[in-house]
Amino acid sequence: MTYDDQNVFAKILRGEIPSEVLYEDNASYAMMDIMPWSDGHCLVISKEPARNILDISPDALVDVAKTVQKMAIATKKAFNADGVTIRQNNEAAGFQEVFHIHFHIIPTFDGVPLRQVPAPMMDMDVMKEHAAKIRAAL
């Protein structure tokens, strides 16, 4: 399969679609998930145009993994979470829906189930509050 540069994350990286940015460096971009499975659910995407983990360059994967760790630490702290789930899907059979490599960072809490997938759209004001908490924890 080839990379489609018209996917939603490619459009976000080009500034064609807005997002609630949390962190950005030369290799990665972290933003809030608009349909979060828990409060604080965010995404980290690579700036390298790669479909998924099967075709990203090893160097770009390392750079993105560093941001994933940074964001996992920040979201756990910001929401006083008991844990953090990191999820990365590959190809349709592997539950990938957007074909641009991305990682889900999902704060988890003992005894609290994740929201049903697809989760409802997050209220934008609440999302901005959650984003501010995460940015403060970075």
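The long axis of helix 58-78 is offset from the longest Cα principal axis of the chain by roughly 10 degrees. Only the Cβ atoms of Lys and Arg (+1) and of Asp and Glu (-1) were treated as charged; on that basis the dipole of region 66-125 about its Cα centre amounts to roughly 300 debye.
Can you tell me the length gained on complete extension of the stretch Ala119 to Ile73, counting 0.36 nm per residue apart and subtracting the Cα distance? The partial results should precede the final answer.
Details: separation 46, 0.36 × 46 = 16.56 nm, distance 2.32 nm.
Value of the extension gain: 14.2 nm.
Arrange the peptides 70-81, 111-122, 6-17, 40-51 so that the one whose residues have, on average, the most other Cβ atoms within 10 Å appears first. Present the calculation step by step, with values, prior to reporting the outcome.
Working: 70-81: 19.8, 111-122: 11.4, 6-17: 14.2, 40-51: 22.4.
Output ranking for 70-81, 111-122, 6-17, 40-51: 40-51, 70-81, 6-17, 111-122.
Under conditions of 10 °C and 1.306 mPa s, the chain yields 105 µm² s⁻¹ as its translational diffusion coefficient, taking Rh as the Kirkwood radius over Cα pairs in the Stokes-Einstein equation.
Roughly how many whole Å is it from the C-alpha centroid of region 66-134 to that of region 1-37? Their Cα centres are 14 Å away from one another. With the helix formula -39500 (n - 2.57) applied to DSSP H stretches of n ≥ 4, the chain reaches a computed 222 nm mean residue ellipticity of -9500 deg cm²/dmol.
Please give the charge dipole size of the chain, origin at the Cα centre, charges +1 on K and R Cβ atoms and -1 on D and E Cβ atoms. Round to the nearest 20 debye. If you can, show how the numbers build up before the last one.
Details: 13 positive and 19 negative charges, 64 e Å.
In debye, rounded to 20, the chain gives about 300.
Qualifying chymotrypsin sites (Phe, Trp or Tyr not before Pro) in region 80-111, where qualification requires a DSSP coil assignment and no more than 12 other C-beta atoms within 10 Å, comprise Phe95.
Please give the length that would be gained between Asn80 and Val126 if that part of the chain were fully extended, namely 0.36 nm times their separation in residues minus their C-alpha to C-alpha distance (nm, one decimal).
Working: separation 46, 0.36 × 46 = 16.56 nm, distance 1.70 nm.
Gain on stretching Asn80 to Val126: 14.9 nm.
Relative to the first principal axis of the alpha-carbon coordinates of the chain, what is the inclination of helix 124-137, with its axis defined by its Cα atoms, in degrees from 0 to 90 and to the nearest 10? For helix 124-137, the angle is close to 90 degrees.
In the chain, taking the dipole from charged Cβ atoms about the Cα centre, the farthest positive-side position among Pro107, Ala119, Ala27 is held by Pro107. By the rule of a C-alpha distance below 13 Å, with chain neighbours fewer than 8 residues away ignored, the aspartates and glutamates paired with Lys70 are Glu24, Asp25.
Spacing of the modelled spin labels on Gln88 and Glu16, each 7 Å from Cα toward Cβ, amounts to 2.5 nm.
Readers should treat all values here as calculations from the given coordinates under stated rules, not as data from a laboratory. Nothing here was measured: the structure is a model prediction, and the numbers come from that model. FYI the Cβ positions are ideal-geometry reconstructions off the backbone, even for glycines, and counts take in every protein chain you see.
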